[in-house]
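The values are calculated or read from the model by the stated rules, or taken from the named source; none is laboratory data. All of these numbers come straight from a predicted model, not from anything done at the bench.
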Amino acid sequence: MSEHTPGPWAYQNDAITSAYGDIARVHFQSSRDRRGWDDRRLIAAAPELLAACKAALHQMENGTGANDLRSLFRSAIDKAEGRGE
């Protein structure tokens, strides 16, 4: 499995960025294309969503893991849905 660019990722206008530079561009069909804005939030939240899933799986498999999965999931979902920006 190849490694992805480490998070956190952020978005500004149509660019998804990290400390390592641009990761992706979200192209809009028109100025009213809301799906593009939703896509960029979801893409930017990918590292947090992956971390939350890994922590939950680890806890389910081992009975240990993240101390507060609820906080991990809530933060990742909020970022993906554009809350707390």
Residues (modelled with pLDDT of 80 or more and more than 12 Å from the chain's Cα centre (by Cα)) located in region 73-85: Arg83
Filter pass, Arg70 being of a type in the set (Lys, Arg), part of a helix (DSSP H, G or I) and either modelled with pLDDT of 85 or more or closer than 17 Å to Ile16 by Cα (or both): no
Count of region 19-59 residues which are assigned to a helix (DSSP H, G or I) and at pLDDT 75 or above: 20
